[in-house]
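The values are calculated or read from the model by the stated rules, or taken from the named source; none is laboratory data. Note that the structure is a prediction, hence the values are computed from the model and not measured. We place every Cβ from the backbone using ideal geometry, glycine too, and count neighbours over all the protein chains shown.
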Amino acid sequence: RNGIHFSHIGKPLYSFLSASPDQNGLRCMLLCRVILGRSEVVRSDCSQVIPTSPEFDSGVDSLSSPRKYTIWNPHMNTRILPYFMIT
């Protein structure tokens, strides 16, 4: 999927494991504040690259208990505020 992917703050291991190590073997994570807006469910095997409708701003793996979040590329500059980089 296109977009920027986030995990829940209570589940940072998913983000750490999905990060590619650099040439020195270091992995980095960003701690961000994210404005989700109205979310739609996006399956993990889906190749969706934009919201299915203009009424949706983000994608989640579950509406009732989301663990993975997607901010679509057109919204990344206005809905994501990086706070810290963790190495």
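Brief remarks follow.
- Taking region 10-30 as the range and being closer than 17 Å to P82 by Cα and either of a type in the set (F, W, Y) or in contact with a Phe, Trp or Tyr (Cβ under 9 Å, 6 or more places away or on another chain) (or both) as the test, the residues that pass are S15, F16, R27, M29, L30.
- When we screen R33, R27, R43 for residues that are surrounded by fewer than 11 Cβ atoms within 10 Å (Cβ to Cβ), part of a loop (DSSP other than H, G, I, E, B) and of a type outside the set (G, A, S), the only hit is R43.
- Scanning region 74-82 for any residue that is in a loop (DSSP other than H, G, I, E, B) and not small (G, A, S) turns up nothing.
- Some residue of region 43-50 being in contact with a Ser or Thr (Cβ under 8 Å, 6 or more places away or on another chain) and either touching a residue at least 12 places away in the same chain (Cβ under 8 Å) or of a type in the set (V, I, T) (or both): no
- R79 of a type in the set (D, E, K, R) and modelled with pLDDT of 90 or more: yes
- Test result for D57, of a type in the set (D, E), in contact with a Lys or Arg (Cβ under 8 Å, 6 or more places away or on another chain) and over 14 Å from H8 (Cβ atoms): yes
- Filter result for the condition that a residue is loosely packed, with under 10 Cβ neighbours inside 10 Å and either free of Cβ contacts under 8 Å to residues at least 40 places away in the same chain or farther than 16 Å from G3 by Cβ (or both), over S65, S58, S18: S65
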